[in-house]
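Q: The structure's right below; bear with me while I get my questions together.
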Amino acid sequence: VERLEQYLEANYVESGRKVSLLLTSVRPRVYEVIRELCDPHLPKTKSYSELCNLLSSQFAPTTSVWRSRIEFQQLQQDQSERIADWFVKVKRHAMECKFGSQLDEFVKLKFVTGMKKGPVLDRVCEESETKALKDVYDIAVKKESVLQEQRG
């Protein structure tokens, strides 16, 4: 639904055409599910918002925020994992945690505390805890890059 929203916005699709575009853009099996959920009414009689809610409840089941946070807290960088990949993993897992305005702080904390032991972590630990997430990330990437260059 999120990607469709972007398509609708990018192509200036009027709200009256959103339902038709949604129903014609989904795979046949998804359309069957929509029909079954709307029965006895036809999907085209529903509003765009109603159809999006149906799709979300059917295909994007909610996960417990607590479970997401537990999984987030247990993350550890793999020994062969690059800093850029580790950062993406932390960010991806944080999405379901509902950290709100504290998102960057939680991501920064997990990014550093879950980092594998070694020179990159040592370099990051030389910095103040007040550094911005982007700065901490940049420092880690630069250190990793220097180490790779030294190895040849």
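The values are calculated or read from the model by the stated rules, or taken from the named source; none is laboratory data. Computed from a prediction, not measured in an experiment: that's the story for all the values here. Here the Cβ is made from the backbone with ideal geometry for all residues, glycine too, and neighbour counts use every protein chain on show.
Q: With the requirement that a residue be loosely packed, with under 15 Cβ neighbours inside 10 Å and either assigned to a loop (DSSP other than H, G, I, E, B) or aliphatic (A, V, I, L, M) (or both), what does the stretch 83-99 give you?
A: ALA84, VAL88, MET95, LYS98
Q: So, LEU103, is that one surrounded by 15 or more Cβ atoms within 10 Å (Cβ to Cβ), aliphatic (A, V, I, L, M) and closer than 30 Å to ARG17 by Cα or not?
A: Working: surrounded by 15 or more Cβ atoms within 10 Å (Cβ to Cβ): yes; aliphatic (A, V, I, L, M): yes; closer than 30 Å to ARG17 by Cα: no.
When the stated conditions are applied, LEU103 does not pass them.
Q: Follow-up. Going residue by residue through the stretch 91-99, is there one that turns out to be at pLDDT 95 or above and of a type in the set (A, V, I, L, M)?
A: Scanning the stretch 91-99 turns up at least one residue that is at pLDDT 95 or above and of a type in the set (A, V, I, L, M).
Q: Can you name the residue in the stretch 16-27 that is of a type in the set (S, T, N, Q) and surrounded by 10 or more Cβ atoms within 10 Å (Cβ to Cβ) and, of all such residues, is nearest to PRO43 (Cα to Cα)? Steps first, please.
A: Residues of the stretch 16-27 that are of a type in the set (S, T, N, Q), as a first pass: 20, 24-25.
Still in the running and surrounded by 10 or more Cβ atoms within 10 Å (Cβ to Cβ): 20, 25.
On the way: SER20: 9, SER25: 13 Å.
This residue is SER20.
Q: Got at least one residue in the stretch 42-65 being within 30 Å of ALA132 (Cβ to Cβ) and touching a Phe, Trp or Tyr at 6+ places or on another chain (Cβ under 9 Å)?
A: no
Q: Here's another thing I want to ask about it. In the stretch 120-137, how many are surrounded by 13 or more Cβ atoms within 10 Å (Cβ to Cβ) and among the charged types (D, E, K, R)? So that I can check it myself, show each step before the final result.
A: Step one: list which residues in the stretch 120-137 are surrounded by 13 or more Cβ atoms within 10 Å (Cβ to Cβ), which gives 120-121, 123-124, 127, 131, 133, 135-137.
Cutting the leftovers down to among the charged types (D, E, K, R) gives us 123, 127, 131, 135.
Total meeting the criteria: 4.
Q: Please find, within the stretch 11-69, the residue that is modelled with the highest pLDDT out of those that are under 22 Å from the mean Cα position of the chain (by Cα) and among the hydroxyl-bearing types (Ser, Thr, Tyr).
A: Residue satisfying both the conditions and the ranking: SER68.
Q: If you scan the stretch 122-152, which residues turn out to be touching a residue at least 24 places away in the same chain (Cβ under 8 Å), in a helix (DSSP H, G or I) and over 15 Å from ARG82 (Cβ atoms)?
A: As a first pass, look at the stretch 122-152 and keep what is touching a residue at least 24 places away in the same chain (Cβ under 8 Å): 132-133, 136-137, 140-141, 143-144, 147.
Remaining after also requiring in a helix (DSSP H, G or I): 133, 136-137, 140-141, 143-144, 147.
Matches in the stretch 122-152: LEU133, VAL136.
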